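The values are calculated or read from the model by the stated rules, or taken from the named source; none is laboratory data. Predicted model only: the values in this text are computed from it and were never measured. Reconstructed Cβ throughout: ideal geometry from the backbone, glycine too, with neighbour counts over all protein chains shown. SASA here: full protein model, heavy atoms, side chains in, ligands and nucleic acids out. Shrake-Rupley method; radii C 1.70, N 1.55, O 1.52, S 1.80 Å.
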Amino acid sequence: MSDKNDKNDKNDKNEKLHVLEDEKALLIDHSYDGIHELNHPLPSWWMWTWSATILYSIFYFIFYHMVGGPNLTQEFEKDMIRLNEIKAIAAADVSNFDIEHYNTWKKTNDSLKIGKEVYEENCISCHAEAGGGDIGPNLTDAYWINVKERTATALFPVIRDGVEDNGMPAWGEIISKEEMYAAMAYIVSLKGTTPPEAKEAQGEKVEEF
Amino acid sequence: MNDVKMERFKYDDELTKLFIFATVIWGFVALLLGVTVAFQLASWKVNMGLEWSTFGRLRPLHTNAAIFAFVGNAMFAGIYYSTQRLTKSRLFSDVLGRIHFWGWQLIIVAAAISLPLGFTTGKEYAELEWPIDIAIAVIWVVFAINFFGTLVKRREKHLYVALWFYIATIVTVTVLHVVNSIAFPVDFMKSYPVYAGIQDALVQWWYGHNAVAFFLTTPFLGIMYYFIPKAANRPVYSYRLSIIHFWSLVFLYIWAGPHHLLYTSVPDWVQTTAMVFSVMLWMPSWGGMINGLLTLRGAWDKVRTDPVLKFMATSVTFYGMATFEGPLLAIKSINGMAHYTDWIVGHVHSGTIGWNYMIISGMLYYLVPKMWNTTLYSVKMANAQFWLATIGLLLYMMSMWTAGITQALMWRAIDETGKLVYPNFIETVVRIVPMYWVRAFGGVLILAGFILMMYNLWLTIKKSKGLEEQEYMAPAMEKVTSEVNQTAHRKLEGLPTLFTVLTTIAILVGGIIEITPSLISDTFVERDSEIKPYSPLEIAGRDIFIKEGCYVCHSQQIRPMPDEALRYGPPSTAAESVYDRPFQWGSRRIGPDLARVGGKYNDMWHFRHMYDPREVTPKSIMPEYTWLFKKKFEIKTLPKKIKVMTALGVPYTDHQIKNTVLLAQKQAFEITKGLNVDGVDMKMQNKEIIALIAYLQRLGVDGARSRELKKQVRSEQ
Amino acid sequence: MIREFLLKINQPWLPTLGTALFVGIFVGMLIWINRRGSNSYYEEASFLPLDEGVKSER
C-alpha cells in the first residue's frame, strides 16, 4: 500500500526518489517519511563468509571443550616446562662461581664502563647514585649485611639469589652472567668512594680503609 | 482515498534542537579532555600536580563525556527527530521530553563534578556512583516512556528498521545499566558492587562491551538507516539484509562481552564462547555496513560534494573496519598479544571517532540547515573538518597500532637463556612515548576540526531567518492492515509490543547463559582457604587505589603466559579475587601489572615512588601523588565499609567488625614504625600513603602462601 | 597455531617498519594522484558509463 500523502514524503527540494533501472523490480512499495527500500537478495559472499565463521566457531568450541583440546592452563604448563628446561641450563651455568672465568672476562671487557651501565639500569633505584644507598644499603662504606668481604666470590651468590627478606631481587634470573660480572667489578671499585648522598652504615664492619 | 480522515499534527523539533546544542557543547568538552589526557601520557607534567587533574581521574571523565554526554545527546537528537517522522506522529509527551533533556544534562554535570573529586566505582564506563546511577535509570525510563508512547500513538503501522534498532537500544541499555549498577551504598557517594571478583568481571564486561554495542552502535545504525537514504535520496539497498543483520546482531552481540577477559581467570568455556561469538558477529555487523554503503549506489557523485554524505559514507567505512578489527582482536592468540596494549585503544578510537564522531557530524550537517531552514554556512569548512578528522584519526590509529604491537613484542621477548629481554617495564614505556606524541597531535587535529564545525553550525544558525513550525497531515493508523501477502516479519513490524518482547528475549539469552554459572558460582570458583579478606586498613588503601584511578594504568591480573610468569609471577587465579569489590583487573598496562606486587618492593620503595615516581624510576611517566602524604585516610567510614562487606558475604570475624578502627590504626602504626627507621616522621601514620602501602603489600601474598602450602603438601605425599 | 607463530616474533621494531611502509605508500599514492596534469584524467574518468553510475548532472 503506498502512502496517500506523497507531498509530505518528498524532501524539501521536491526531487523524485532516485531509482536505477535495474532496481525497479526490487523496489518495495512502501515508504517511511520518503525513505524507500529495495529488496536485494543477501550477497552470496556475505552468506558464505557468515556460514564459514559459524562452522569455524562450532568446530573450535567442540575441539577445545568437548573432545579434550588443551585449556589455557595446560598450554601454559607446557610452555613453562619448555622454558624451565632452558632456564635450568642457564641456572647450571651460574650455579658455581668460576673466578677464572670472571677474571678473564674482566681482562677482555671494559668492565667498569659496562658495570656502571648495568648498575644504573638495575641497581640504582635502591642503592642510589654511585652506591650511596637509599632503600638498599650503602655500597661504598666498610659495613656489610650479607657478606664478610668485598670480593666477587662473596658478592656473586648475594646478587644471583637475592635476599628475599630484605627486598634484594634474585638478579640471576633477570640479568645475564656477564652483566653480574660487570656489576660486581663496579661495586668492588666503589670501595671507599664518596657518593653524592651517603646512607649511614648498616650491618657489620668487615673492611678497613 | 476521499473517505480517509486526515489528522493534523506538528513535530516537536524544539526538543531535537536542544539536544543538538548539548551534543555540540559536550562534544567539545569530551574532545578537549581527550586531547588533555593524551598529552598527559606523552608528558607527565601535564598532570599539573593536582589531585583533580591526574590522568587517573580525568580519563574516566573523558570516557563518560564522550560516551554519555557527546554520543548520548547526539543519539537522543537523532532518535527524537527520526522517530517522529517515521511514525508520522508528534512525540508522546513534550514535558517528558524536557525532563529527559534537563535530567540528562544534570547527570552530565554531576559526573563532571564527581569524577575529578574521586567519587568513582572503579568500573569502566560505569564509574558514576549510585545516586547518579539512579538518576540515569530514572531519566532512561522517561526516555523509554516517551519513545514507546510515540510508537503507540503512531500513524504509520509498520516499524521501519531504524525503529527496530532504537527499540533494541532502549531495552538493552536498561537491562545492562540496572544489573551492572546494583551496589550496596556505604555513604552518599560510595558504594560496593554486590558482585565480587570474577562475577564482577563478567557482569562488568557484559555491560561494558554491550555499552559499545547498544549505546555506541545500534542507535547509530538506526540513525544511519534514516539519514543516509534521506540525504542521498536513494532507497535502502536490502530490506532482507536489514532483517537478518538486525536480529543476528542483537542476539550475538551480548555473548561477546567476555572477550575483554581472555586469558584471565574466568572459566575457559566462557572465554571460548565470547571469542567464537565475536567471530560470528563479523558478518552481521558488515550487513549494516553493506546496507549503508550500497544505499549510496547511484549517488557516489553526491558523496564527493555533499559533506553530509561524505561524513556518513566515511563513518560507515570506519565502522566496517572497526567491526573487522574487533572480531580479529577477539581471537585468543591475537588477543594474547593485544590485550593490555595500545592496540586496543587504537581500536576503540577507530570506532568512536571513525564511526560515532563522523556519523554525528554528518547528522548535524543534515539537521541544522534543515531545522533552521537555511543552507550550510560553508561547505569548504565542512570539508576541512572532514580532512582534519580523517587525518587525525589515521595518525591516532597508526600510532596506537605501532605502540601496541611494539610494546607487546617487547613484553613477551625471551632470550635463549630463558630470561626476559626487557626485564625493566620502563624500557617498554620509553620506547612508545614518541607514539603518544603522534597520537596527541592526531587528537589536536580532530579537536580542531570539531571547533570548525561548531563555528560553521553557529554561523549557519545565525543566518537563518527561522522556520515556522510546519504542520503535517496523515491518516490515523489502520487498525487492520490492508496489505496483502505479508511475510511473518512484515506482520511483526506492525506489532511493536511483540517486537520489543522478542528483542528483549534475544538480548537476555546470551547474558543469562554466560553469567548465571558465575552467580551460582560457589561450586565452581575454587575457594582457597589461604585467601583472606583485606584488613580494614587495606580496604582503606584499596579505596584510595580506586579513587585515584590507579587501575586505569595498572592491571591486576597475570595471564597464563611464560613471559608474564617471568615478569610478574604465577598466573592469577579466580580464588584470589573472591573478595574484591569491585574487581580491579584493569584493561591496560601503561604501568606494570600489580597482581603480585606484594612484598616485591619494600615499604620505603612505595613511599618514595608515590611521592615522586622519577626518584625510583627515572624515566617514569606516572604522575606525582603528593597529596597522599598530606591527606588523612578515611577512618570514620571504615566500620561501615567492613559491615557492608560482611553483609555482602565477606567473612570478616567479629573481632574485625568490632575493632575496625583500632585494627586499622595498629597496622598503620606498624608500617610507619618501619619507615621511621629510615627517617619518616611518625605523624605520617594516619595519612593515605600508609593505607595505600598496606594494600599494595597485600596483593598476591595470600596466593603465594597458598602455593607454598600446596607445594609442601605435594612434596610430603 | 597462530599462537605459536606470534610467540616466535622477537623483533619489536617490526611495527614501526610496518607503519612507515604503510604511511609511505599511502602518502605516496596521494602525491601521485595529485600530480599536476592528472586532473583531466580523473575528470574524464568520472563520466565513464559505469554500472552504478547515473551520469552526474554537469
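Okay, here's what the table says:
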read-out: Matching residues, region B:17-73, being in a loop (DSSP other than H, G, I, E, B) and surrounded by fewer than 24 Cβ atoms within 10 Å (Cβ to Cβ); value: B:Ser43, B:Met48, B:Gly49, B:Leu50
read-out: Evaluation of B:Gly257 against (1) open to solvent by 10 Å² or more (accessible area, probe 1.4 Å); (2) in contact with a His (Cβ under 6 Å, 6 or more places away or on another chain) (one fails), failing number; value: (1)
read-out: Failed criterion for B:Ile642 (all others in (1) in contact (Cβ under 8 Å) with a residue 60 or more places away in the chain; (2) closer than 29 Å to A:Glu164 by Cβ hold); value: (2)
read-out: Test result for B:Pro229, crowded, with 24+ Cβ neighbours inside 10 Å and within 14 Å of another protein chain (Cβ to nearest Cβ); value: yes
read-out: Qualifying residue in region B:473-488 (condition: touching a Phe, Trp or Tyr at 6+ places or on another chain (Cβ under 7 Å) and open to solvent by less than 50 Å² (accessible area, probe 1.4 Å)); value: no
read-out: Selected residue (criterion: nearest to the chain's Cα centre (by Cα)) from residues of region B:450-495 that are within 14 Å of chain A (Cβ to nearest Cβ) and within 30 Å of B:Ala211 (Cβ to Cβ); value: B:Glu493
read-out: Residues of region B:650-681 satisfying the condition of being touching a residue at least 24 places away in the same chain (Cβ under 8 Å) and open to solvent by 30 Å² or more (accessible area, probe 1.4 Å); value: B:Pro651, B:Gln656, B:Val661, B:Leu663, B:Gln665, B:Gln667, B:Gly674, B:Asp678
read-out: Residue in region B:701-709 that is more than 39 Å from the chain's Cα centre (by Cα), free of Cβ contacts under 8 Å to residues at least 12 places away in the same chain, surrounded by fewer than 21 Cβ atoms within 10 Å (Cβ to Cβ) and assigned by TED's automatic domain parsing to the domain that holds B:Gln557 present; value: no
read-out: Within region A:53-86, tally of residues that are facing another protein chain (nearest Cβ under 9 Å), farther than 25 Å from B:Ser572 by Cβ and loosely packed, with under 13 Cβ neighbours inside 10 Å; value: 1
read-out: Qualifying residues in region B:401-424 (those that are in contact (Cβ under 8 Å) with a residue 24 or more places away in the chain and polar (S, T, N, Q)) - the one farthest from the other protein chains (Cβ to nearest Cβ); value: B:Gln407
read-out: Exclusive hit being over 19 Å from B:Gly222 (Cβ atoms), at pLDDT 95 or above, part of a helix (DSSP H, G or I) and of a type in the set (Phe, Trp, Tyr), set B:Phe76, B:Phe101, B:Phe148; value: B:Phe101
read-out: Flag for B:Phe184 being in contact with a strand residue (DSSP E or B) (Cβ under 6 Å, 6 or more places away or on another chain) and either open to solvent by less than 10 Å² (accessible area, probe 1.4 Å) or touching a residue at least 40 places away in the same chain (Cβ under 8 Å) (or both); value: yes
read-out: Verdict on A:Lys4 being within 9 Å of chain B (Cβ to nearest Cβ) and either at pLDDT 90 or above or out of contact with any helix residue (DSSP H, G or I) (no Cβ under 7 Å at 6 or more places or on another chain) (or both); value: yes
read-out: Counted residues, region A:158-183 - those being crowded, with 17+ Cβ neighbours inside 10 Å and either away from every other protein chain (no Cβ under 11 Å) or not in a helix (DSSP H, G or I) (or both); value: 14
read-out: Residue match in region B:695-703 (condition: in a helix (DSSP H, G or I), at pLDDT 95 or above and at negative phi); value: yes
read-out: Yes/no for B:Arg297 being within 11 Å of another protein chain (Cβ to nearest Cβ), of a type outside the set (Ser, Thr, Tyr), open to solvent by 10 Å² or more (accessible area, probe 1.4 Å) and part of a helix (DSSP H, G or I); value: no
read-out: Residues of region A:129-149 satisfying the condition of being open to solvent by 20 Å² or more (accessible area, probe 1.4 Å) and within 27 Å of B:Gly679 (Cβ to Cβ); value: A:Glu129, A:Ala130, A:Asp134, A:Ile135, A:Pro137, A:Asp141, A:Tyr143, A:Trp144, A:Ile145, A:Asn146
read-out: Region B:383-400, subset small (Gly, Ala, Ser) and open to solvent by less than 10 Å² (accessible area, probe 1.4 Å), residue farthest from the other protein chains (Cβ to nearest Cβ); value: B:Ala389
read-out: Residues being at pLDDT 95 or above and either in contact with a Cys (Cβ under 6 Å, 6 or more places away or on another chain) or in a loop (DSSP other than H, G, I, E, B) (or both) - total across region B:611-634; value: 10
read-out: Some residue of region B:11-23 being within 30 Å of B:Leu367 (Cα to Cα) and in contact with a strand residue (DSSP E or B) (Cβ under 9 Å, 6 or more places away or on another chain); value: yes
read-out: Lone qualifier among B:Ile515, B:Ile505, B:Ile531, B:Ile520 - being among the hydrophobic types (A, V, I, L, M, F, W, C) and under 23 Å from the mean Cα position of the chain (by Cα); value: B:Ile515
read-out: Unmet criterion (only one of (1) within 18 Å of B:Val266 (Cα to Cα); (2) open to solvent by 30 Å² or more (accessible area, probe 1.4 Å); (3) in contact with an Asp or Glu (Cβ under 8 Å, 6 or more places away or on another chain)) for B:Asp612; value: (1)
read-out: Helices (runs of 4 or more DSSP H) contained entirely in region A:30-139, each with at least 2 residues that are of a type in the set (A, V, I, L, M, F, W, C), in contact with a helix residue (DSSP H, G or I) (Cβ under 9 Å, 6 or more places away or on another chain) and without any contact (Cβ under 8 Å) to a residue 40 or more places away in the chain; value: A:44-65, A:72-95
read-out: Residue within region B:93-113 that is buried (at least 23 other Cβ atoms within 10 Å of the Cβ) and basic (Lys, Arg) present; value: no
read-out: Yes/no for B:Glu493 being assigned by TED's automatic domain parsing to the domain that holds B:Ala168 and modelled with pLDDT under 95; value: yes
read-out: Residues that are surrounded by 14 or more Cβ atoms within 10 Å (Cβ to Cβ) and either in contact with a Ser or Thr (Cβ under 8 Å, 6 or more places away or on another chain) or within 14 Å of chain B (Cβ to nearest Cβ) (or both), drawn from region A:98-111; value: A:Trp105
read-out: Odd one out for B:Thr264, checked against (1) within 25 Å of B:Gly591 (Cα to Cα); (2) modelled with pLDDT of 95 or more; (3) open to solvent by less than 20 Å² (accessible area, probe 1.4 Å); (4) at the interface with another protein chain (Cβ under 8 Å from one of its Cβ atoms); value: (4)
